[in-house]
């Protein structure tokens, strides 16, 4: 396609850089990477490794700085043919608008408010630990985090008990400690953002099951948040509709399978989803009706050959495998008589 501008997010900076770079280079593109300024150590270590690998000069170029300056120039520059961006919806919308002036090709991997749908036949001793792991992935700072947990209303009390029991295993603390399950937020701004959503949930009438405002006990310094679970959440509440990007889970009760599918799809996002149940045929049937770019059944699994990307406001295009490479290619037909 030409020169590709790769703009990456802080929450998994090295992963995004590797993913985009591998696909772009496989397609024959040279790249300019604008890594997130909030995780510069990841970018430095990776670039040093690539330098040691003796990549051809000019193949990989890195420009550091704020997205509003460096990223904006990549989007505006007519010599850049393609933008691959991972980050917020607001920035993604700007890239689409600004890129239109030079007819940029764009791949946008944006936010999510992913549903985890627990079916009636699910074994809660397996379903709830799996659901909480998906919710608190990367301390909740993950676009794929399953931050809406949909459960049968008839099993709500049992789900509450299972969550209380399981939450004891989600220790908050130093990420270098192997016992830690939830680390700090990336910055004070992010810490305050998560706190504001916890307050909003309380104000809108959701029931606080565990967690809440403030720092966890014994962690008065740093940007640590109490892993928080709300129950009796209505899907139209702010905490169920907006991406919080922190360890905050909304439990939403449903009355039927159709109701569960409706609630799962009632979001402006559509990046990731999960279905948990023992009847695999039923789980697959439900999964096929969810408007999400990737749906997992029973466990959080990954396959680098499977496409990654979202419906609706979760983005445009797909990454990973052949789909990721094709995103950096243009189709051309040459005909002879």
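No value in this document is a laboratory result; all are computed from the given coordinates. Since we're looking at a predicted model, the values are computed, not measured. Methodologically, a virtual Cβ is constructed for each residue, glycine included, from the backbone with ideal geometry; neighbour enumeration extends over all protein chains shown.
What do you get for the angle between helix 156-167 and the principal long axis of the chain? Use alpha-carbon atoms, 0 to 90 degrees, nearest ten.
Rounded to the nearest ten degrees, it is 60.
Test of understanding: in a Gaussian network model of the chain with alpha carbons linked when under 10 Å, which of 185, 103, 17 would top the mean-square fluctuation ranking?
Maximum fluctuation in the GNM of the chain, among the listed residues, is at 103.
What is the Cα centroid distance between region 1-19 and region 232-254, reported in whole angstrom?
When both Cα centres are located, 29 Å separates them.
Please report 271, 21 as a ranked list, fewest other C-beta atoms within 10 angstrom at the top and most at the bottom.
21, 271
Using only Cα atoms, find the angle between the long axis of helix 13-26 and the longest principal axis of the chain, and express it within 0 to 90 degrees, rounded to the nearest 10.
40
Checking a compactness column here: for region 194-329, what do you get for Rg(Cα) / (2.2 N^0.38 Å), N being the number of residues?
1.22
Between 29, 18, 143, find the one with the highest GNM mean-square fluctuation for the chain; connect C-alpha pairs within less than 10 Å.
18
Rounded to the nearest Å, what's the spacing between the alpha carbon centres of region 146-163 and region 60-99? Just the number, please.
A separation of 41 Å, based on Cα centres.
Arranged by the count of other C-beta atoms within 10 angstrom, fewest first, what order do 334, 202, 128 take?
In increasing order of surrounding Cβ atoms, one gets 334, 202, 128.
Suppose the chain between residue 300 and residue 174 were pulled fully straight at 0.36 nm per residue; how much longer would it get relative to their current alpha carbon spacing?
Extending this stretch completely gives an extra 43.0 nm.
Largest first and to the nearest Å, give the Cα extent of region 115-297 along each principal axis.
On the principal axes, region 115-297 reaches 48, 31, 30 Å in Cα extent.
With springs only between Cα atoms under 10 Å apart, run a GNM on the chain and tell me which of 251, 45, 296 wobbles the most.
Checking each option, the largest mean-square fluctuation is seen for 45.
For residue 279 and residue 331, compute 0.36 nm times the residue count separating them, minus their Cα-Cα distance, and round to one decimal in nm.
Full-extension gain reported as 14.5 nm.
What is the fewest-to-most order of 20, 57 by other Cβ atoms lying within 10 Å of their Cβ?
57, 20
Please give the length that would be gained between residue 90 and residue 69 if that part of the chain were fully extended, namely 0.36 nm times their separation in residues minus their C-alpha to C-alpha distance (nm, one decimal).
Result for the pair: 6.0 nm of gain on full extension.
Could you work out the helix-only [θ] at 222 nm for the chain, with each DSSP H run of four or more residues adding -39,500 (n - 2.57) and the total divided by the number of residues, to the nearest 500 deg cm²/dmol?
-9500 deg cm²/dmol
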